[in-house]
Each structure stands twice: as structure tokens, then as C-alpha cells.
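Read the structure below first, then the notes.
Laboratory data are not the source of any read-out in this text; all were calculated from the coordinates shown. What you are looking at is a predicted structure, and each value in this text was computed from that prediction instead of being measured. Cβ placement follows ideal geometry from the backbone for every residue including glycine, while neighbour counts extend to all protein chains displayed.
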Amino acid sequence: MTCESGPEVAADAALAQEAGAEFPGGPPVNRIRVVFAQDESQLFTNHIIWIADWLKEIPSAVVYDEVGKCLW
């Protein structure tokens, strides 16, 4: 997990908007990025789902799948 700001945040916000994300106060200038490693053995699949579900519960959070180019 990292805290980020800068042009990458703006570019990714634009991709999220294309997928349907809405930013009522305007696109974000900061973000917390959570990246999961490949889980081919599926040892941590439930943990990934639990964290994603927890993030979705945050009212102002946008959970965007960069690989799948979709919102969760």
C-alpha cells in the first residue's frame, strides 16, 4: 500500500472515470494505492476479497481494477 500524488493519480482517475467512476468534488489529487501480487496458489484469495470489500464500504473510495479496467 502506498500514498501517491502527481500526474499518475490524475491519469488513473481519468481511466476510472472512463469505467464509470464519479468524483463529485473533482478528480482526486492524492490516493492510497493497494496492489495485490498474483495469487496463483489461491492462498490469499479470501484476504484479497475481504480487503476489497472493506475498501468498497468507505463512502468516498473508488475501487478500480487497473488490469480489468473496471470498477469493483
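Observations
- Whole-Å semi-axes of the chain's equivalent ellipsoid (Cα gyration tensor): 23, 13, 12
- Angle in degrees between helix 45-56 and the longest Cα principal axis of the chain, rounded to the nearest 10: 30
- Simple point charges give the picture: +1 on the Cβ of Lys and Arg, -1 on the Cβ of Asp and Glu, and for the chain a dipole about the Cα centre of about 140 debye.
- Residue of 43, 55, 15 that the Gaussian network model of the chain assigns the largest fluctuation, springs spanning Cα pairs under 10 Å: 43
- Backbone N within region 1-25 under 12 Å of label point (7 Å from residue 50 Cα along the Cβ vector): none
- For the chain: relative contact order, % (alpha-carbon pairs under 8 angstrom, 6 or more apart): 35
- When the chain is treated as a Gaussian network with alpha carbon springs shorter than 10 Å, the biggest mean-square fluctuation among 11, 37, 52 belongs to 37.
- Sites residue 43 and residue 70, calculated FRET efficiency, Cβ-Cβ separation with R0 30 Å, nearest 0.05: 0.80
- C-alpha long axis of helix 7-18 to longest principal axis of the chain, angle in °: 80
- Additional length obtainable on full extension of the chain from residue 60 to residue 10, 0.36 nm per residue less Cα span: 16.4 nm
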